[in-house]
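The values are calculated or read from the model by the stated rules, or taken from the named source; none is laboratory data. No experiment lies behind these values; they were computed from the predicted model shown. Note that each Cβ is placed from the backbone with ideal geometry, even for glycine, and that neighbours are counted across all protein chains shown.
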Amino acid sequence: MPMKKKRSVRGLFALIPTLVLATVAASAYLRPPTPQPPAKQPSAPAAPEGGPRILIVGQTGASLVVGTERRALSWPDDVKLLGAPLSTLRGRDPQTGEDAWLDTGFVRATSSGLRSPDGRRSLHPTPSAPDGTGAVIVKFGGDVRTIILREANGRGIRDARAVGWWDDETIAVVGVRQGAQTMFAVGLAGDVRTVAVMPETASRFEIRDGALWVVTLTPGEGLESEPRPPSELHRITKDGTDERVVTDAERVIARIAVRDGALAAYQTEDGRLFQGASSYAISGTLLDPAPDGWVLVSRGPDLVLLQPATGEERLLPRPDEPVLATFILPAATVDENGQTR
């Protein structure tokens, strides 16, 4: 009977490298590929760090200031840089601190009207009706409407004064009702609603971001003596909600700066600027708040950005001509180098 041949041990060992290589190759073929990190995509330029964007309007032109750079604006191509319709921008007169608006050509508006938030309408004073009832004029393009200020029962509002706009279609008017100084909400159709009775010590009224801001003072001791501290700042909404925002026991509140519906800073008659817990002595006029805690102040012919928390100041570049109005522009367009474009 023939005998089977035995495979030598040496032959088996010779096959091992081949088997190992085959196994490794098969494993590499069957194993799913290791995920690779995605290729890095080019990122958009970082937001410029130039600081607040400020529109400065002079007698013959306008310019946009970002940080230490100033660029003259050309009408109408550069309107798109402002980040908002021209008619909706509400700024300040740097000499008086009063409100200012713009007209076509980046020209400061000469009209004394108070514009609605959407910029479509303006509110103007007008003489009272023959019986003494107050009235206001609302202009909408070429349409001019006189609104006689009477309550639903026919009683007229006397000594009426327009303060501003609660919203795009509701006027804020202060006047006398039954012997008391009262704030009203007046619709464009002439409907009148009482918002709140004002204290006798109320001295200033200002509409900002859809709310009424009122400063009250302490009456002087004599009939001819000036009001004195403590003074209070109240925020009153259209539904009559009254919030006491600030009480200053030592000073009289003279000017306020409001941002996004909240008090950003206020200035007292002795020139001090208050922002939260920070107090800063300034020789100038508080204008408007800017992002990141900055406030804009006029100091003679100069415009200065102040950071009350740190005392830092930035003198802004300005045109060689007198400045008629300034506007803070939260959405102004700049390129990746911080330059306006």
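Here are some notes:
- Whichever residue in segment 193-229 is among the basic types (K, R) and over 25 Å from the mean Cα position of the chain (by Cα) and, among such residues, is nearest to Y266 (Cα to Cα): R228
- Qualifying position, being more than 22 Å from D288 (Cβ to Cβ) and not acidic (D, E), among G97, G105, G119: G105
- Residues (in contact (Cβ under 8 Å) with a residue 40 or more places away in the chain, among the charged types (D, E, K, R) and at negative phi) located in segment 207-238: R208, K238
- Sole residue being under 21 Å from the mean Cα position of the chain (by Cα), more than 24 Å from A249 (Cα to Cα) and either part of a strand (DSSP E or B) or among the hydroxyl-bearing types (S, T, Y) (or both), chosen from L273, L286, L303, L263: L303
- Selection from segment 180-196 of residues that are in contact with a Leu (Cβ under 7 Å, 6 or more places away or on another chain) and not β-branched (V, I, T): M183
- Some residue of segment 85-101 being loosely packed, with under 15 Cβ neighbours inside 10 Å, within 19 Å of the chain's Cα centre (by Cα) and not charged (D, E, K, R): yes
- Leading residue by the ranking (nearest to R204 (Cα to Cα)) among those in segment 159-184 that are at pLDDT below 95 and assigned to a loop (DSSP other than H, G, I, E, B): G179
- Residues of segment 243-260 that turn out to be in a loop (DSSP other than H, G, I, E, B) and surrounded by fewer than 16 Cβ atoms within 10 Å (Cβ to Cβ), as a count: 3
- Residue selected from segment 60-74 under the condition in contact with an Asp or Glu (Cβ under 9 Å, 6 or more places away or on another chain) and part of a loop (DSSP other than H, G, I, E, B), by the criterion surrounded by the fewest Cβ atoms within 10 Å (Cβ to Cβ): T60
- Residues that are within 22 Å of the chain's Cα centre (by Cα) and of a type in the set (D, E, K, R) within segment 230-241 comprise R235, K238, listed in sequence order.
- Any hit, segment 136-150, residues being loosely packed, with under 15 Cβ neighbours inside 10 Å and over 26 Å from A100 (Cα atoms): no
- Of the candidates K80, K139, the single residue that is in contact (Cβ under 8 Å) with a residue 60 or more places away in the chain and more than 27 Å from A254 (Cα to Cα) is K80.
- For segment 199-226, filtering for residues that are surrounded by 14 or more Cβ atoms within 10 Å (Cβ to Cβ), outside any strand (DSSP E or B) and modelled with pLDDT under 95 leaves 2.
- Test: R235 is surrounded by 15 or more Cβ atoms within 10 Å (Cβ to Cβ) and farther than 27 Å from G97 by Cβ: no
- Residue within segment 295-304 that is surrounded by 12 or more Cβ atoms within 10 Å (Cβ to Cβ) and among the charged types (D, E, K, R) present: yes
- Beta carbons closer than 8 Å, at least 6 apart along the sequence or on distinct chains, pair a first residue in segment 315-341 that is surrounded by fewer than 19 Cβ atoms within 10 Å (Cβ to Cβ) with a second that is modelled with pLDDT under 75 and not in a loop (DSSP other than H, G, I, E, B) for T333/T340; R341/V334.
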